[in-house]
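This report refers to the structure that appears directly beneath it.
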Amino acid sequence: MADITLLIVDDHPVVRNGLRSMFAAAPGFEVLAEAADGRQAVALAEDLRPDVVLMDLRMPGGGGVAAIAELTRRGLPCKVLVLTTYDTDTDTIPAIEAGATGYLLKDAPRDDLFNAVRAAAEGRTVLSPDIAARLVTRVREPRSGSLSARELEVLRLVSRGTGNREIAAELFISEATVKTHLTHIYAKLNVKDRAAAVATAYDKRLLP
């Protein structure tokens, strides 16, 4: 069987070097390239067509969620396996909604990482146990048009008077993604602007 080809995306050179060395020492893998942010990752994925993209989430110059969404939008065949230190709902849910095949934490054992990459290459969903348990709990909670974790995060920043550009920088996403979240928020809350969205959110006790 052909080696599984990889693109490693992380803003820390030490992490990228460590992952490259780890996969180079294991049979069945080939690291094609490294990227330091989401924008570079999209360009390299478009050019190199790796089987799996190992994607960090919070990176200056282009976050992982926006990159995953762009890879999905372009219809690239690569599978995205998130590899990060962040395990909150505001990180996991948007990444999965954007199109990530799997979500693994950086403290995962080496063999678990190898197995996750193999599974992702085959199109199988891979989630760390903690993430899987949280998602199951979330699905079981009663929901009726409620805002997603990322939408709530955007709305909290809007309530503080934060502009779209600053929100994008704070959450490591693009301004276009912020606008998309706002569009969804307006639709779910049946409002037409930022002020009405904030007022309605407070009325519904969606904001503290």
Filter the stretch 42-61 down to the residues that are in a loop (DSSP other than H, G, I, E, B) and either over 28 Å from residue 165 (Cβ atoms) or in contact with a strand residue (DSSP E or B) (Cβ under 9 Å, 6 or more places away or on another chain) (or both), then identify the one that is most open to solvent (accessible area, probe 1.4 Å). 49
Residue 38 at positive phi, surrounded by 20 or more Cβ atoms within 10 Å (Cβ to Cβ) and not aromatic (Phe, Trp, Tyr): no
Name every residue in the stretch 184-193 that is over 11 Å from residue 154 (Cα atoms) and in contact with a Leu (Cβ under 7 Å, 6 or more places away or on another chain), in order of residue number. 188
Under the condition of being in contact with a strand residue (DSSP E or B) (Cβ under 8 Å, 6 or more places away or on another chain) and of a type in the set (S, T, N, Q), which residue from the stretch 73-108 is nearest to residue 131 (Cα to Cα)? 92
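Residues checked against (1) modelled with pLDDT of 95 or more; (2) out of contact with any Asp or Glu (no Cβ under 9 Å at 6 or more places or on another chain); (3) aliphatic (A, V, I, L, M):
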residue: 18; (1), (2), (3): yes, yes, no
residue: 30; (1), (2), (3): yes, no, no
residue: 35; (1), (2), (3): yes, no, yes
residue: 42; (1), (2), (3): yes, no, yes
residue: 52; (1), (2), (3): yes, yes, yes
residue: 63; (1), (2), (3): no, no, no
Would you point out which residue out of 88, 84, 92 is closer than 21 Å to residue 127 by Cβ and open to solvent by 20 Å² or more (accessible area, probe 1.4 Å)? 88
Check whether at least one residue in the stretch 196-207 is open to solvent by less than 70 Å² (accessible area, probe 1.4 Å), outside any helix (DSSP H, G or I), modelled with pLDDT of 85 or more and closer than 29 Å to residue 102 by Cβ, and report yes or no. no
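The values are calculated or read from the model by the stated rules, or taken from the named source; none is laboratory data. Predicted, not measured: the structure shown is a model, and the values here were computed from it. Heads up, the Cβs are rebuilt from the backbone with ideal geometry, glycines too, and the neighbour counts pull from every protein chain shown. All accessible areas refer to the heavy atoms of the entire protein, side chains included, with ligands and DNA or RNA removed. Shrake-Rupley method; radii C 1.70, N 1.55, O 1.52, S 1.80 Å.
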